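This report refers to the structure that appears directly beneath it.
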Amino acid sequence: MSDKSVDQSTIKMIKKAKSDGIETVWDRLAAQEPQCGFGQLGICCRNCNMGPCRIDPFGDGASHGVCGANADTIVARNLVRAIAAGAASHSDHGRGIVSTLLASAQGHAPDYPIKDEAKLKALAAEYSIAVEGRSVKDIALDLAGQVLDEFGTRKGFLQFVNRVPEKRRALWNSLDITPRGIDREVVESMHRTHVGVDNDYVSLILQGMRTALSDGWGGSAIATELSDVLFGTPSPVKGTSNLGVLREDQVNIILHGHEPTLSDIIVHAARDPELLKEAREKGAAGINICGMCCTGNEILMRHGVPVAGNFLQQELAIVTGAVDAIIVDIQCIMPSLPQVASCYHTKIISTSPKAKFPGAEHISFDEHNAMNTARKIVRLAVENYSNRSPEKVSIPSDQMEYMAGFSVEAILEALGGSLNPLVDAIKSGSIRGIVGVVGCNNPKYKQDYSHLTFVRELIKNDILVVGTGCAAIACAKSGLLLPAAASEAGEGLRSVCRSLGIPPVLHMGSCVDISRIMQVAAAVANVLGVDISDLPLAGAAPEWMSEKAVSIGTYVVSSGIFTILGTIPPVLGSKNVAGLLTSGAEKVVGAVFAVEEDPAAAALLAINHITAKRKALGLG
Amino acid sequence: MKEVLINAERCLGCRSCEIACAVAHSDSKNLLGAVGETDIPIKRIFVHQAGKRNIALSCRHCEEAPCIDACIAGAMHRTADGLVDNTGGTGECSGCWMCVMVCPYGVIRSEIDRRLALKCDRKCMDESAEPACVRACPTRALKFVVVDEFSRDRRQRFLDAIGNESV
């Protein structure tokens with residue numbers, strides 16, 4: 001059992017699932033093994049109906065697909081399609097947020113007032129929208145319009161590209177990979193990977209980079225920035241994490257998915273006195289709203305809402321028998337949830353017109369009538385409380401406190417209003433560098449083990465860790481997001497953390513909020529007058545599994561940051577593609593990918609990289 | 001006599017052999033037809049993971065076949081071609097599963113509705129005279145060869161490696 005997770009609550013619930021006769025993600029993985037070698041190597045192609053084709057990796061059989069594509073073309077095409085899917089997911093999430101801002105500004109979404117006027121005005125200024133003497137609604141209307149235009153803009157580049165250091169912008173222009181429009185890059189990637197279009201793996205991967213950049217400096221950045229405008233810019237907040245946050249005597253509702261549009265309003269709906277009264281009438285002491293995955297990150301960093309767990313715990317939350325409803329929207333929601341829920345009383349409620357789940361109840365979430373829909377959904381959970389079977393309830397006691405909410409603005413505030421103290425700490429070496437640790441869980445690897453081993457090794461070596469997504473939740477569950485965790489850090493980082501009262505691992509939000517990490521990187525480079533690739537930085541996705549992670553990794557590398565993948569991407573069927581990603585890209589974008597399954601060895605790669613970058617900058 | 005022999009290091013675990021075996025034992029004999037059949041065709045080859053290796057297991061048609069010895073119905077027998085088969089013998093399979101219990105490789109399975117023991121029967125050959133699993137193997141991990149040909153290849157590969165090392 002311990003090969004599945006380092007999280008005790010996970011281990012306990014896997015055991016309960018087994019005795020309850022529930023099939024989980026680990027059982028399904030076992031049923032899939034051995035997994036197809038062609039797929040693992042990325043050398044199967046289903047892009048046209050002359051196929052499906054596959055290349056014999058031993059060179060004994062077919063070396064070309066029916067169309068004539070070789071392994072390089074096929075691997076590159078598959079990679080670019082994964083990037084396009086990941087970029088599309090983040091960017092469509094961003095589109096949802098800006099659409100809500102537009103509806104709010106037009107007066108059609110009364111439940112979404114603008115929470116951060118200062119940020120609204122700062123963004124408006126970036127877009128050269130007049131703010132003086134104008135109403136918030138008028139500014140928001142103009143901003144929402146201009147941001148929506150980014151998806152199909154004809155101006156030739158995305159607005160937030162202006163945040164990137166000049167050297168990097170020049171590099172992107174010279175490589176012709178400056179993102180020109182959010183939808184455009186995804187569309188062009190799909191076009192180029194159609195049969196008989198772009199067959200040159202270098203050309204394909206450059207387009208993959210441009211598409212990923214339209215995510216990191218486009219779709220994701222829009223999702224982050226406008227979520228802050230609508231729901232408030234996060235500032236340090238405390239809460240609790242892991243399955244132990246579920247309450248035996250309360251209505252437990254888990255919000256799972258990604259967009260804060262839904263989750264934020266449900267948090268407010270659950271505080272409705274009428275619904276609380278109904279819950280009490282059912283015998284519940286209250287309504288306990290918990291998050292999971294990135295929705296969990298969105299509401300924990302804005303409201304300190306408890307987070308019940310990360311990706312691999314979604315089925316296990318149901319197995320506690322104590323969850324009255326899981327409300328889902330989009331992304332990373334296992335299709336198995338209704339199946340698991342059918343063995344308990346849990347209701348699975350899907351809310352996005354984009355994501356339906358056979359076996360779930362669907363209540364379309366409507367931003368124009370948000371609070372009423374939210375109340376309706378919460379009421380379903382309250383009514384379901386009395387269907388709970390006490391004999392099936394077993395909530396693991398494991399829980400841990402966290403401190404989260406480190407937006408760029410919050411970091412600046414902690415530093416006294418300027419990045420200079422951070423830059424000085426990096427220069428002096430008390431902070432040797434910064435590593436972004438992000439991404440998913442993957443059942444092929446022991447849950448959270450890679451995240452935690454990697455992070456602990458880094459902070460011990462005076463490297464500040466910034467995290468998002470399921471990686472950040474892993475850190476929350478193990479106490480690494482507490483200021484007290486500074487005791488695990490090296491002397492330099494420890495003293496910085498203690499003087500500022502911050503943890504050695506800063507929770508910066510959900511997976512779209514990796515854009516926040518990019519803002520910090522760009523801002524530090526601008527302060528020092530260098531390119532991002534000159535900085536002592538690295539990125540890592542120790543347990544990644546999703547296509548979004550492929551897009552993220554690619555925009556991080558394309559922005560000049562060395563990135564370590566802890567799970568093997570399906571590119572090894574082409575030596576040329578693998579070589580370009582792990583070594584050739586250094587000469588092109590000033591950064592490469594590394595693949596290292598052993599988290600301790602991966603940490604060493606990051607430490608050595610940071611040491612080399614410091615040396616090049618003339619720092620000790 | 002040719003045997004199905006395996007280059008285990010070439011097996012990618014794609015399970016193409018399993019699909020082909022099932023299709024070859026279907027009524028329609030083609031993938032799209034087979035997936036729509038009411039009586040789902042049953043494969044007789046099994047791809048498993050053993051440590052980091054993938055292994056395709058099927059009946060070895062043993063010279064001293066414990067399944068033949070154990071069969072009390074007289075169904076499991078050796079054919080004139082030297083194969084071990086559970087149909088066309090002196091008696092009919094009664095589904096007592098003695099053969100299943102004695103097979104050291106665990107490659108005899110059941111068609112439970114008909115109480116029939118099922119195994120590789122080589123009734124899957126096409127005009128190329130190769131079994132379906134071998135034809136389907138995209139990496140040629142499965143070979144249908146006479147044993148000495150296989151060992152000659154192995155020997156040659158070893159000699160090539162040694163030769164390259166000494167260059």
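Each value in this text was obtained by applying a stated rule to the coordinates, not by laboratory testing. Bear in mind that the values here come from a model prediction, so they are computed numbers and not experimental data. FYI the Cβ positions are ideal-geometry reconstructions off the backbone, even for glycines, and counts take in every protein chain you see.
The simple Förster model, with R0 at 30 Å and r as the Cβ-Cβ distance, assigns A:E117 and A:D272 a FRET efficiency of 0.70. Here the residues A:C440, A:C36, ranked from fewest to most Cβ neighbours within 10 Å of their Cβ, fall in the order A:C36, A:C440. Once you reduce region A:439-462 and region B:18-44 to the center of their Cα atoms, the two points are 44 Å from each other. Summing Lys and Arg as +1 and Asp and Glu as -1 over all other residues whose Cβ lies under 11 Å from the Cβ of A:E278 gives a net charge of +1. Across all Cα pairs in region B:63-119, the calculated P(r) in 10 Å bins from zero up to the longest distance comes to 27, 61, 12, 0 percent per bin.
Estimated at 0.36 nm per residue, the fully extended path between B:V102 and B:H48 surpasses their Cα-Cα distance by 17.4 nm.
Volume of the convex hull of region A:20-102 (Cα atoms only), normalised per residue: 159 Å³.
Here A:S559, A:S394 are placed in order of increasing Cβ neighbour count within 10 Å, fewest first, which gives A:S394, A:S559. According to the Cα-based calculation, Rg over Rh for chain B is 1.01, with Rh computed by the Kirkwood formula. Backbone amide hydrogens, once placed in the peptide plane, bring A:I564 within less than 5 Å of A:G539, A:A540, A:A541, A:A594, excluding anything fewer than 5 places away on its chain.
Rounded to the nearest 0.05, what FRET efficiency do A:A170 and B:I162 have when you use their Cβ-Cβ distance and R0 = 56 Å? Efficiency computed from Cβ-Cβ geometry: 0.55. Mark the label point 7 Å from the Cα of A:S397 along Cα→Cβ and return the residues of region A:217-253 whose backbone N is within less than 15 Å of it. Counting only backbone N, you get A:243-246, A:248. Taking 0.890 mPa s as the viscosity and 25 °C as the temperature, the Stokes-Einstein diffusion coefficient of chain A based on its alpha-carbon Kirkwood radius rounds to 100 µm²/s. Site pair A:L619 and A:L29 shows an inter-label distance of 3.6 nm when each label is modelled 7 Å from Cα along Cα→Cβ. Under the simplified labelling scheme, the A:M371-B:I112 pair shows an inter-label distance of 5.7 nm, with each label point 7 Å from Cα along Cα→Cβ.
Computed 3J(HN,Hα) for region A:411-419, one whole-Hz value per residue from the Karplus formula 6.51 cos²θ - 1.76 cosθ + 1.60 where θ = phi - 60°, is 5, 4, 5, 4, 8, x, x, 9, 6, glycine and proline marked x.
Measuring r between the beta carbons of A:D200 and A:S19 and using R0 = 60 Å, the FRET efficiency lands at 0.65.
Amide H to amide H, with H built 1.01 Å from N, A:T240 comes under 5 Å of A:V307, A:Y402, counting only residues 5 or more places away or on other chains. When all alpha carbon pairs of region A:71-231 are counted in 5 Å bins from zero, the resulting P(r) reads 2, 10, 18, 19, 17, 13, 9, 6, 4, 2, 1, 0, 0 %. A cut-off of 5 Å between modelled amide H atoms, ignoring neighbours fewer than 5 places along the same chain, links A:A62 with A:D56. A Cβ-based charge dipole, computed about the Cα centre of region A:71-231 with Lys and Arg at +1 and Asp and Glu at -1, lands at about 220 debye. Between region A:542-620 and region A:487-532, what is the separation of their alpha carbon centroids in Å? Taking the Cα centre of region A:487-532 as reference, the centre of region A:542-620 is 19 Å away. Backbone geometry of region A:592-600 corresponds, through the Karplus equation with coefficients 6.51, -1.76 and 1.60 at θ = phi - 60°, to 3J(HN,Hα) couplings of 9, 8, 10, 10, 8, 6, 8, x, 5 Hz, x marking Gly and Pro. Pairs of Cα atoms nearer than 8 Å and 6+ residues apart set the relative contact order; for chain A it is 17 percent. Label reach from A:E413 (point 7 Å along Cα→C-beta): in region A:231-263, amide nitrogens under 17 Å belong to A:231-239. Relative to the longest principal axis of the C-alpha atoms of chain B, give the angle of the C-alpha long axis of helix B:147-166, reported between 0 and 90° and rounded to the nearest 10°. The angle comes out near 30 degrees. Secondary structure note: in chain A, about 15% of the DSSP beta bridges are antiparallel.
Rounded to the nearest Hz, the phi-derived 3J(HN,Hα) couplings of region B:69-81 under the Karplus curve 6.51 cos²θ - 1.76 cosθ + 1.60 (θ = phi - 60°) are 4, 7, 6, 8, 8, x, 7, 6, 8, 9, 7, 4, 7, where x marks glycine and proline. Whole angstrom only: what separates the Cα centroid of region A:245-315 from the Cα centroid of region A:107-174? Using only Cα atoms to place each centre, the spacing works out to 31 Å.
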